[in-house]
Every structure is written in structure tokens, then in C-alpha cells.
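What follows is a single structure, written as C-alpha cells, with notes after it.
The values are calculated or read from the model by the stated rules, or taken from the named source; none is laboratory data. Worth saying up front: this structure is predicted, and the values here are computed from it rather than measured. Because the Cβ atoms are built from the backbone with ideal geometry, glycine has one as well, and the counts that use them run over all protein chains shown.
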Amino acid sequence: MVLLAERKLEGRSDILAEARSHGIAFRRLKELQQPLCVEMLSYWNELRGQRDMPRPEEIDPVRFARHMPNILVTQIHWDPFDVSYRLLGGDFVDAHGANFRGRRVIESASHTGCFSEVLFEFYKFVAHEQRPYAVAGTMEYTARGRVEVEAVYLPFTVDGERTDRILGAAVSRTLPKS
């Protein structure tokens with residue numbers, strides 16, 4: 001069965017193929033299994049109320065302080081379009097082998113293959129769609145190796161019109177070396 005997100009990305013079959021080659025695929029939000037991902041999606045929905053997206057200043061980090069190692073925030077730039085890392089929790093820093101805070105996603109050399117391009121296109125997709133998306137599967141970091149991951153990505157807006165930030169919450173576990 002093809003998910004709606006995959007249909008919307010049909011013109012980018014190269015990106016979907018690269019993600020699949022790494023073992024990553026979209027997951028329906030209702031199929032999220034990791035408590036962190038479910039909790040963050042619920043919190044995002046609570047914050048947004050009837051709006052399309054909540055504002056970043058509404059986030060109360062105390063509410064999920066225990067999950068900070070598993071949180072990342074990207075900054076969306078529109079003219080021209082670009083994505084940079086604004087915040088990376090400790091689990092992300094360990095997996096990446098470095099703290100890429102302030103760096104462009106497309107320049108991150110922390111994944112194998114062309115996965116930085118996949119991430120860039122994924123963040124671009126979430127920014128344009130202005131709704132949460134989830135992914136799950138396996139991927140490979142140059143520092144940590146192969147991991148199993150489930151993540152949810154939640155867009156935020158400053159002006160109420162366009163996505164300015166995306167908060168990601170991910171749970172991963174390192175897979176044994178084959």
C-alpha cells in the first residue's frame with residue numbers, strides 16, 4: 001500500500017529510492033510505537049489547537065526535558081530554501097559523531113551514501129506540507145553504524161503562515177554488526 005506522503009513525493013523517486021535503500025520509510029502517525037514519538041505528537045497537537053501549526057515559543061522544554069537527548073530542531077530558511085540544524089540532542093550528536101548545530105543539513109557528512117540529500121528533501125517536504133510526518137526503519141551513521149529508528153517530525157511557525165522550524169523526536173538503537 002502506498003502512503004499519501006509517498007504519492008506526494010512521486011516526482012522525487014530518486015529520494016524515495018535512496019531512503020528505501022537505507023531502510024527508511026514513512027510510517028502512519030497512528031502506527032507510531034515509541035512512547036516518545038507518540039507523546040511528542042500528542043503535545044504538538046495540544047499546542048496547535050485549531051491552527052495548522054503551533055509557534056516555537058509555545059514549547060515548554062521542561063515538559064519533555066528527560067527526552068532532550070532524542071530531540072532535534074531544524075531551522076527552515078526560505079529565500080533561498082535551505083535547512084540547518086538549530087539544536088541536536090546528545091543521542092543525535094553521538095550518532096553523527098559531531099555536533100552539527102548551525103550547519104546546513106545538506107553538508108552533513110554523518111550518513112553513508114547520499115542520505116544528507118534525503119534528509120534535506122524530507123525536511124523541505126515537511127516544511128511545505130505543514131503537517132507532522134513519521135518515519136521508521138534502519139539507517140547508517142558514519143559514527144554509530146547501523147541503527148533501527150522511529151521518528152516523528154513536527155513543523156512550527158513563527159508568523160502563522162509558513163514553517164520556520166521542525167522539531168524531530170527519534171528513538172534509535174544500534175544494530176549488531178553483520
Among (1) out of contact with any Leu (no Cβ under 9 Å at 6 or more places or on another chain); (2) farther than 22 Å from residue 29 by Cα; (3) at pLDDT 85 or above; (4) not in a strand (DSSP E or B), the one test that residue 52 misses | (2)
Residue check, residue 99 against (1) among the polar types (S, T, N, Q); (2) surrounded by 12 or more Cβ atoms within 10 Å (Cβ to Cβ); (3) at pLDDT 90 or above; (4) not in a helix (DSSP H, G or I), all met but one. Which one?
-> (3)
Output yes when any residue across region 110-132 is outside any helix (DSSP H, G or I), in contact with a helix residue (DSSP H, G or I) (Cβ under 8 Å, 6 or more places away or on another chain) and over 24 Å from residue 176 (Cα atoms), and no when none is.
-> yes
Per-region count, region 89-105, residues touching a residue at least 40 places away in the same chain (Cβ under 8 Å) and of a type in the set (Phe, Trp, Tyr) = 1
Failed item, numbered, when residue 123 is tested on (1) aromatic (Phe, Trp, Tyr); (2) touching a residue at least 40 places away in the same chain (Cβ under 8 Å); (3) more than 19 Å from residue 161 (Cα to Cα) = (3)
Can you name the number of the only condition in (1) surrounded by 15 or more Cβ atoms within 10 Å (Cβ to Cβ); (2) within 23 Å of residue 141 (Cα to Cα); (3) at pLDDT below 95 that residue 83 fails?
-> (3)
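Which one is nearest to the chain's Cα centre (by Cα), of the residues in region 59-94 that are under 21 Å from residue 174 (Cβ atoms) and part of a strand (DSSP E or B)?
72
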Test for residue 161: is it at pLDDT 85 or above, of a type outside the set (Lys, Arg) and over 28 Å from residue 35 (Cβ atoms) = yes
